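The values are calculated or read from the model by the stated rules, or taken from the named source; none is laboratory data. Bear in mind that the values here come from a model prediction, so they are computed numbers and not experimental data. Don't worry about glycine lacking a Cβ; one is built from the backbone with ideal geometry, like all the others, and counts go over all protein chains shown.
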Amino acid sequence: MDNLKDDLKTAVNKVPVSGYIVLFIAIAIFSGLFAKAGHGLNIFDFDTLNGKFGTMKDAAKATFSGQGGNGARDGFLFAFGLAPGVMLALGLIEVVEHYGGLKAAQKLMTPILKPILGIPGVCGIALVSSLQSTDAGAGMTKALYNEGLITDNERLIFSAFQFTAGGLITNYLASGSALFGFLTVPIALPLAVLFLMKIFGANIMRLYVNRFCKEGN
């Protein structure tokens with residue numbers, strides 16, 4: 001891991017075929033493309049792999065944490081429930097890195113992400129993941145920073161992107177679905193606006209760090 005940053009810079013043009021394959025699989029997993037796919041293809045979906053906790057045997061069908069909790073104890077159980085998803089995401093990114101997926105992302109996505117957001121292409125998988133899971137995106141971003149793949153400024157910009165409408169696709173299709181019946185426009189339009197605002201927010205942070213945080217570059 002210590003030499004991963006140097007490897008990406010010096011061998012970015014020597015991406016193995018396995019890197020492109022595993023990159024495509026990772027993007028498919030974190031994007032939710034196969035969430036409702038039949039014939040067993042939904043195993044390529046992050047939420048399916050993450051699974052769910054069982055429910056209590058009562059009419060309310062409460063989760064393992066029960067109902068009516070409050071305070072620090074309820075917060076602990078909520079945080080405890082996030083751990084499997086984060087662990088799964090970090091494990092997947094390690095597999096992607098091992099087979100050259102991060103190099104492939106660096107090569108393919110830097111020309112796109114650099115001008116739009118000011119972050120390197122190696123953030124591509126974490127970006128896709130953050131649209132479906134706030135926790136997985138945050139965990140991957142922390143791992144990229146700890147491994148020296150992104151600078152402090154790039155982390156700030158990327159965090160601003162994720163913080164705006166976090167877990168966009170999952171939350172929009174879940175919580176937002178309650179309002180779909182009242183929309184007078186196609187449901188894809190608000191989703192597109194939210195995504196554009198994520199880019200806008202990230203670029204506001206980009207302007208700030210380029211003006212006041214030059215030492216972090």
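Remark: pairs (first residue in segment 189-202, within 19 Å of L179 (Cβ to Cβ) and buried (at least 16 other Cβ atoms within 10 Å of the Cβ); second residue of a type outside the set (S, T, N, Q) and at pLDDT 90 or above; Cβ separation under 6 Å; 6+ apart in sequence or on different chains) are absent. Out of all the residues in segment 193-213, is one or more closer than 29 Å to A28 by Cβ, hydroxyl-bearing (S, T, Y) and either at pLDDT below 85 or part of a helix (DSSP H, G or I) (or both)? No; the residues of segment 193-213 include none that is closer than 29 Å to A28 by Cβ, hydroxyl-bearing (S, T, Y) and either at pLDDT below 85 or part of a helix (DSSP H, G or I) (or both).
Taken together, the criteria place N70 among residues that are loosely packed, with under 10 Cβ neighbours inside 10 Å and either at pLDDT 80 or above or touching a helix residue (DSSP H, G or I) at 6+ places or on another chain (Cβ under 7 Å) (or both). Under the condition of being exposed (fewer than 11 other Cβ atoms within 10 Å of the Cβ) and part of a helix (DSSP H, G or I), the residues counted in segment 156-176 number 1. The residue that is farthest from T141 (Cα to Cα), counting only those in segment 91-112 that are without any contact (Cβ under 8 Å) to a residue 40 or more places away in the chain and out of contact with any Gly (no Cβ under 9 Å at 6 or more places or on another chain), is H98.
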